[in-house]
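The values are calculated or read from the model by the stated rules, or taken from the named source; none is laboratory data. Given the structure is predicted, the values throughout are model-derived calculations rather than measurements. Cβ placement follows ideal geometry from the backbone for every residue including glycine, while neighbour counts extend to all protein chains displayed.
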Number of protein chains: 2
Amino acid sequence: MELKVIAYARNGHTDKFGIPRQSREESPIRTRIVFEPEYRVAEALRGIEGYSHLWLIWGFSRSFSSHTSSSTAGDPNSLDWSPTVRPPRLGGNTRMGVFATRSPFRPNPLGLSSVRLIGIEQGDLIVSGADLLDGTPIYDIKPYLSFSDSHEDAKNGFAEEHKEDRLAVSGERGDVPEGVWEDIIYILSQDPRPGYQDDPEREYKMDYDGWKVTFCVQKGTVLVKNTEKI
Amino acid sequence: MELKVIAYARNGHTDKFGIPRQSREESPIRTRIVFEPEYRVAEALRGIEGYSHLWLIWGFSRSFSSHTSSSTAGDPNSLDWSPTVRPPRLGGNTRMGVFATRSPFRPNPLGLSSVRLIGIEQGDLIVSGADLLDGTPIYDIKPYLSFSDSHEDAKNGFAEEHKEDRLAVSGERGDVPEGVWEDIIYILSQDPRPGYQDDPEREYKMDYDGWKVTFCVQKGTVLVKNTEKI
């Protein structure tokens, strides 16, 4: 089957560093879903505001394919799949079957996220809680149906024990607008460091919504060292 | 993006008539997910048994495209999309936006179902609760993560009021094996009649797992009139 891009995600995540590993209900980060001209039809959204949550089926893009060569970056079909992957959640050392993970390195590099529907603005959908890079292609949007999609007591395999990891965040907002700062605090509290590195001296840089944030992590607290307009 | 078929669903639903409109946790119907040779790799399932539920991303197939011409049947890309559709749940007369429904007539005819993982048998996954036609192509399998995927209190739009519809079923099992009969009772209790027709004299026929079932619906009860081996 050949998939057509129906929309693109637009948000502050211009950098894959800092994107939450999963969509999260409590995330304050807003994403605008901008339809392509052919699918920009008000009628196609009739009744959608009756739903509090939606599903997005989307494509992992070049920025996720850090292990592919630069000559193939940008082509989602060039993403290698691998029968086993090393989930960051497990520290990056343990191999799990790709179908037991949400890794991008799957036979078909599709992502799946549930998001909260905030509203419709000028024909775009505004959602929160999406774990998407800015510019991510979207292939389908479906209503979330709690009676078939919600399994509160589902057993979460190896993901279970780590789900509550959260860090404290301290630092000065400086010139960062309040809403953007709120997003940054949220992102940093989720510990965006790759593979649970733990070097208190190490400085990390993350771009978010036009700002470059420099931080380090010491004794379970994220210290924001600097914020700079890009 | 060009999707590759990684597996096919195998179950008793050889007939689209009777397939539940959504996947249902309580469904007793089992589906075997048979991997294609390239993806039939035991390693790719490592750790999956730690999860109680999985997501399937799959393709709507020819049998759903009753409004396309027979010359295009079989080609998923030939399914027309329509900005509005008439959900059977609303009696088939009310138009809703396609993105506010799970209708097959979407820009990319992808289906999404959460299923319960029963186990692994000879390299196949055995699941229950799938709302899939026998032979449905599967494009992705992901673990269900309750902390990002479960929204118990989600608002279900127009689907809300109808979610508890169930019919009583009466009839004789005859020669139908017990397990198959249990599946048939479950399917009939969900009222498989198209568009909420309500003619007590009308006889319906449904094929399931090698049996042809003839029934009618009178005063909210499904009466099985006949079962016959195909």
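Taken over region A:153-192, the criterion of being closer than 19 Å to residue A:20 by Cα and of a type in the set (Asp, Glu) is satisfied by A:160, A:161, A:164, A:165, A:182, A:183, A:191. Residue count for region B:5-27, restricted to those that are at pLDDT 95 or above, within 10 Å of chain A (Cβ to nearest Cβ) and surrounded by fewer than 20 Cβ atoms within 10 Å (Cβ to Cβ): 1.
Taken together, the criteria place residue B:172 among residues that are in a loop (DSSP other than H, G, I, E, B) and outside the structural domain of residue B:40 (by TED's automatic domain parsing). Only one of the listed residues (B:185, B:118) is hydrophobic (A, V, I, L, M, F, W, C) and assigned by TED's automatic domain parsing to the domain that holds residue B:50. That residue is B:118.
Can you tell me which residue in region B:200-225 is farthest from residue B:28 (Cα to Cα), limited to those that are surrounded by 19 or more Cβ atoms within 10 Å (Cβ to Cβ) and among the aliphatic types (A, V, I, L, M)? Selected residue: B:217. Scanning region B:28-46 for residues that are in a loop (DSSP other than H, G, I, E, B) and surrounded by fewer than 22 Cβ atoms within 10 Å (Cβ to Cβ) gives B:28, B:36, B:40, B:41, B:46. Restricting attention to region A:138-177, the residues that are touching a residue at least 40 places away in the same chain (Cβ under 8 Å) and more than 7 Å from chain B (Cβ to nearest Cβ) total 12. Name the residue, out of A:190, A:197, A:122, that is surrounded by fewer than 16 Cβ atoms within 10 Å (Cβ to Cβ) and more than 28 Å from residue A:45 (Cβ to Cβ). Of the residues listed, the single one that is surrounded by fewer than 16 Cβ atoms within 10 Å (Cβ to Cβ) and more than 28 Å from residue A:45 (Cβ to Cβ) is A:197. What do you reckon, is residue A:182 in contact (Cβ under 8 Å) with a residue 60 or more places away in the chain and surrounded by fewer than 18 Cβ atoms within 10 Å (Cβ to Cβ)? Answer is yes for this residue. Number of residues in region A:10-43 that are free of Cβ contacts under 8 Å to residues at least 40 places away in the same chain and either among the hydroxyl-bearing types (Ser, Thr, Tyr) or closer than 18 Å to residue A:180 by Cβ (or both) equals 1.
Looking only at region B:28-55, residues that are touching an Asp or Glu at 6+ places or on another chain (Cβ under 9 Å) and facing another protein chain (nearest Cβ under 8 Å) come to 4 in all. Considering every residue within region A:113-130, establish whether at least one is within 17 Å of residue A:53 (Cβ to Cβ), touching a Pro at 6+ places or on another chain (Cβ under 7 Å) and of a type in the set (Ser, Thr, Tyr). Scanning region A:113-130, I find at least one residue that is within 17 Å of residue A:53 (Cβ to Cβ), touching a Pro at 6+ places or on another chain (Cβ under 7 Å) and of a type in the set (Ser, Thr, Tyr), so the answer is yes.
Rundown of residues vs (1) farther than 17 Å from residue A:25 by Cα; (2) among the hydrophobic types (A, V, I, L, M, F, W, C), yes/no style:
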residue: A:92; (1), (2): yes, no
residue: A:95; (1), (2): yes, no
residue: A:122; (1), (2): yes, no
residue: A:126; (1), (2): no, yes
residue: A:140; (1), (2): yes, no
residue: A:147; (1), (2): yes, yes
residue: A:167; (1), (2): yes, yes
residue: A:178; (1), (2): yes, no
residue: A:187; (1), (2): no, yes
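When B:89, B:116, B:106 are screened for being in contact (Cβ under 8 Å) with a residue 24 or more places away in the chain and assigned to a loop (DSSP other than H, G, I, E, B), only B:106 passes.
If I filter region A:61-98 down to residues being more than 10 Å from chain B (Cβ to nearest Cβ) and at pLDDT 80 or above, which single residue comes out as surrounded by the most Cβ atoms within 10 Å (Cβ to Cβ)? So the residue we want is A:86. Look at residue A:135 and say whether it is more than 13 Å from chain B (Cβ to nearest Cβ) and within 23 Å of residue A:32 (Cβ to Cβ). The answer is yes for residue A:135.
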